[in-house]
Structure formats: structure tokens, C-alpha cells
Amino acid sequence: MPRSVNDTDRAIIRLLQRNARMSYAELSRATGTPESTVRRRMDRLQQRGVIEFAMVAEPSKLGYELRAMIGLRVDLHRLQEIAAQLNAMNEVTFAAFLTGNFDIMIHVIVESQEDLVGLLTEKLSSIEGVRTTETFVMPWIIKPTTSWILPEHEAHPSPVDNGDDLGDDDEDDEPVASGEDGPSTFADRLRQRNVRNITTIKET
């Protein structure tokens with residue numbers, strides 16, 4: 001287990017993955033941890049990139065009916081510039097460099113078959129270094145990537161706070177009354193700080 005995360009952190013993460021709108025008070029009750037400790041641990045987890053928050057929209061309910069995976073074979077010496085152009089495309093929701101039959105695999109979401117054809121024939125085909133593409137339309141999502149939940153493991157000893165990890169300083173905290181110090185959820189505090197472009201830990 002990474003030393004930056006202990007069992008209390010893991011419990012908080014699992015609860016948030018199931019319901020990202022849980023308040024600090026609810027997390028405190030569920031984990032038996034003082035609310036002030038929950039607040040501090042969540043701040044540290046977010047600051048160190050262990051957890052991130054975002055609002056997740058359901059594309060099909062907004063008129064975006066077609067999803068597809070597209071495998072790309074590319075000139076590898078152009079990989080970085082191709083990756084930059086894929087990142088700039090709003091239709092591309094996921095892209096990864098692969099080993100195997102394809103060099104890059106992307107997940108795209110579009111409104112219609114016409115839009116998919118336009119993406120293939122106008123946008124992807126115009127990227128210098130993309131040699132061939134192969135498209136796999138996905139009529140049914142069996143399990144979304146956002147459904148992943150941190151597995152439960154046997155209890156681990158809590159790490160010592162040496163400045164390089166989150167530390168185990170729960171016993172020094174006193175419970176904090178629910179609702180004090182402003183917003184009641186971590187997501188509310190992030191919104192107040194104008195945190196942008198972060199990914200979800202909530203199942204959709």
C-alpha cells in the first residue's frame with residue numbers, strides 16, 4: 001500500500017466513490033473519525049493528487065447518442081504532436097498509447113453517425129502521422145470506467161507523518177460540529193476555490 005495513504009484515507013475514498021456528495025459530518029460518522037480529521041485528510045489527499053472531483057454528465061441524456069472506440073496506427077516519431085491534437089478534440093474523452101495492434105486507442109462521444117464520419121474523415125484524417133484508423137461503435141456500455149471502487153484490504157499499520165505522507169494524526173483532533181467553517185462538503189470547498197479541470201471519483 002502506498003505510504004501516502006492509510007486505512008482511514010482508504011475508507012474515506014471508498015465512501016466518496018459511492019457518494020461524492022457525502023458531507024464531512026456523514027464521513028465522520030461512517031468512519032468513526034473526528035470531522036476535523038476528515039477535513040484535513042481530504043484536503044491533503046486532494047493536494048497530493050490522490051483524489052480529484054468533477055461533475056459527470058450523462059451524454060445520452062444530452063443528445064450525444066453515439067460512443068465509439070477508435071484504434072489508430074501512427075508514425076511513432078510524431079506521437080507527441082498527435083497526442084496534443086487528440087487532447088484538443090472535445091469529442092475525444094479518453095486517449096492512451098498502447099502496445100499491440102494499435103499505437104493509440106481513443107474513446108469518442110458524438111451526437112450522430114454523421115458526426116462520427118466527420119470526425120474520421122475530416123479531423124483524424126487531417127492529423128499528420130495518423131496512418132490508419134479502425135472504429136468500434138459501442139451500442140451498450142456494460143460497466144463505465146467511473147464504476148471502479150478502491151478495493152478493501154486487510155488493515156495496514158498507519159504510516160508515520162514524516163512530511164512525505166499524509167500522517168496518522170487522528171488522535172490529536174477533536175470533533176468539529178457539523179456545518180461550521182463554511183461549506184459542508186469537500187466538493188463545495190473545491191468550487192469556492194475555483195478548482196477546474198479535475199476528474200471524477202464518483203460512479204455514474
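Summary table below
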| quantity | calculated |
| --- | --- |
| Set R29, R78: member being assigned by TED's automatic domain parsing to the domain that holds R131, at pLDDT 95 or above and part of a helix (DSSP H, G or I) | R78 |
| Top-ranked residue of the range 95-131 - restricted to ones that are in a strand (DSSP E or B) and among the small types (G, A, S), ranked as surrounded by the fewest Cβ atoms within 10 Å (Cβ to Cβ) | A96 |
| Any hit, the range 99-106, residues being out of contact with any helix residue (DSSP H, G or I) (no Cβ under 7 Å at 6 or more places or on another chain), farther than 23 Å from T145 by Cβ, without any contact (Cβ under 8 Å) to a residue 40 or more places away in the chain and assigned by TED's automatic domain parsing to the domain that holds L124 | no |
| Checklist (1) within 15 Å of the chain's Cα centre (by Cα); (2) part of a strand (DSSP E or B) applied to G49, failing item | (2) |
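The values are calculated or read from the model by the stated rules, or taken from the named source; none is laboratory data. The structure displayed is predicted, hence computed values, not measured ones. For neighbour counting, all protein chains shown are included, and Cβ atoms are generated from backbone atoms with ideal geometry for every residue, glycine included.
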